[in-house]
Amino acid sequence: GPHDGRNVSARSLNARFSGRIAPYLENPAIICYRETKDVQQSLNILKQSASQHSTVDWQMHDVKRYLSRGREAWYRGRFSEAVSCWERLTAAQETRTSEACGWLGWGYMSQELFKESVDIFEEALRLNALNDWARCGLARALPLLGRDEEALECFNLILSRESPEDFMAYRVSLENRAELLFKKNLFEGARDDLETLCTIFEQYEKGRCPWAYMRLGLCELKMGNGSAAADAFRRAGGYLGNPRLSARYLETRFFLRGAASRLINVLRRVKRAIKQ
């Protein structure tokens, strides 16, 4: 299902981003084949290993089942169904894991239950302080309750890790910290985060490049750097297939937000910057 695709993709990006491309524990059969190139001996080891495990160990238990069902529903936009799965896990002490609480927080966020999401994210972090996906969700929910400074502290903690284990949490935190800094008129910090994001998107998610370069261009405009802004807008236009489309891209985003007057001012500044 789509949740499995997300997990596989995220774990692959985590490994590539961290440089850890070897398994935590190499299978004995793989070790045998790598060292001896003896196929039959490797197969014998593999069969022996498989026969030592009870098939009971292979059955999915409730935690995995409802986590998985909840994620699948969440990625399909069925938020009530997702929340129901995760609430079933968090209701009982023995299944109330940090991962279940973290996902329930994201479910509450999808339903715009921001106070409830903050409470359950904090519970997830009490159970496991290293759950960066839950901390990222907490940092996204806090500004919606007017707690910007606490959100920045959460983002800073995630982004300060030398070797982030959760690439998705790292990327989402970087993106949202840039947005929060931009909103607080801290444009230099926002620009630094956006430049890092552009580098990441160039490598892993080219479809996100137009957004990042457009936002970077707006930061440069706010700081009075016309030539740098123009370069960022041109890059965004290049990804969209036509430099003129960068203005259309902005137009769509601003009109969807009902900010027509802001759009007009921005487009005028974009035009001046490109002329310069």
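Since every read-out is calculated from the coordinates, none of them should be taken as a lab result. Treat the numbers as computed from the prediction; the structure is a model and nothing was measured. Using ideal geometry, Cβ is built from the backbone for each residue, glycine included, and neighbour counts are taken over all protein chains shown.
Worth pointing out:
- Length released on extending from I30 to Q93, taking residue separation times 0.36 nm less the Cα-Cα span: 18.8 nm
- Across all Cα pairs in the stretch 127-219, the calculated P(r) in 5 Å bins from zero up to the longest distance comes to 3, 15, 25, 23, 20, 10, 3, 1, 0 percent per bin.
- Whole-Å semi-axes of the stretch 82-176's equivalent ellipsoid (Cα gyration tensor): 21, 15, 11
- Inverting the pair-averaged 1/r between distinct Cα atoms of the stretch 66-125 gives 10.8 Å as its Kirkwood hydrodynamic radius.
- Rounded to whole Hz, the Karplus (6.51, -1.76, 1.60) HN-Hα couplings of the stretch 31-47, x for glycine and proline: 4, 4, 5, 5, 8, 10, 6, 8, 5, 5, 5, 5, 5, 5, 5, 5, 5
- Label-point separation, N128 to N44 (7 Å along Cα→Cβ), nm: 4.0
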